Amino acid sequence: MALSELEQDALTEIFNIGVGVAAAALYAMTSEHVPVSVPVVELTSQRRAKQHFLDREQRQLCAIRQTYVGEFTTDAVLMFPQESRLHLVRMMVGDDFPEASLEEVAQDAMGELGNIMLNAVISNLASSLCMRLEGSLPVVSLTDANAVFSRPGRDAGADDDEAPVLALVIDFELSAQRVGGYLAFLLDDDSSQNLLHRLATHIGNEARIN
C-alpha cells in the first residue's frame, strides 16, 4: 500500500494545486485570502489514519462528506475542529449577518464550503490522472475521529481497520486564526489499486503499471 517517493511527490503536487484552487474559490466567495500549507499526503490504513488523527486532534469535529464514483469510488471527508465552524460560517456570510442567526445557517454554509473545497481538490485529481468522477451532495455532521472514518451503510469491523485511506493534513489561516483541516479519502482495495494504476501512468512508473 505504501507510496514510492515519486508517487508521494506527484500526489503532493496534484493535491497542492487542488487546495490552491479551493483557496482561490473561497477568496472569490468571501473576499478573504486563505493561505494554506502544502498538504502532507499519506496512503495508509483506516486504523493508522484514525490513530494519527486522534494523536493530533482530540476535539469534536465538523465533517463534510461527499461520495465520488467513477473509475474508483471514494468517500471524501473534509474535517475541521467544531469550534472553528462558526468562524468559518462568519467568514462566508459576512460581518453584517446577525450573530444569533449563525447557527441556523451553519449546516448549509458548511455544506457549501465543503462542496467547494472537495470539488476543487477532486476535480484537479481527476483532471491530472485523466479520470471521470461524479460527486454526491455534501452531508454535514458533528462527530469525532473514532466515527469519522467509518463508511456509511457499512458495519465497522476488523476488515475496515485495514481499508485504504488517502489522508491529507492541511493548515488554513483564516484572518488571525489558524485552522487545521484534515482531508481523508476512504477507499476499498479495488479503488486504491485503480488510483495507484492511474498515478503510475501519470508518472510513467512501469513497475506499478505492470
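Table for the structure above
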quantity	calculated
The chain: relative contact order in percent, alpha carbon pairs under 8 Å with at least 6 residues between	32 percent
DSSP loop GluC sites (Glu not before Pro) with at most 14 other Cβ within 10 Å excluded, longest remaining stretch of the chain	33-161
Nearest 10 degrees, 0 to 90: helix 102-128 Cα axis against the chain principal axis	30 degrees
Over the chain: helical MRE at 222 nm, DSSP H runs n ≥ 4 each giving -39500 (n - 2.57), nearest 500	-15000 deg cm²/dmol
0 to 90° range, to nearest 10: angle between helix 189-203 axis and the chain longest Cα axis	80 degrees
Convex hull volume per residue for segment 27-68, taking Cα atoms only, in Å³	159 Å³
GNM result for the chain, Cα springs below 10 Å: residue of ASP95, ASP161, ASP190 fluctuating most strongly	ASP95
Modelled FRET efficiency - R0 22 Å, ASP161 with HIS202, Cβ distances, 0.05 increments	0.15
Calculated FRET value between GLN58 and LEU6, using beta carbons and R₀ = 30 Å, to 0.05	0.30
Equivalent ellipsoid dimensions for the chain as semi-axes, Å, which come from the Cα gyration tensor, largest first	29, 19, 15
Helix 46-56 axis, angle to the chain major axis (alpha carbon atoms, nearest 10°)	40 degrees
Exposed trypsin sites (Lys or Arg not before Pro) absent - longest run of the chain, DSSP non-H/G/I/E/B, at most 15 other C-beta within 10 Å	60-131
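Here, each number is a calculation from the coordinates, and none is a lab measurement. Because the structure is a prediction, the values reported are computed rather than measured. Quick reminder, even Gly has a Cβ in these numbers, built from the backbone with ideal geometry, and neighbours come from all protein chains shown.
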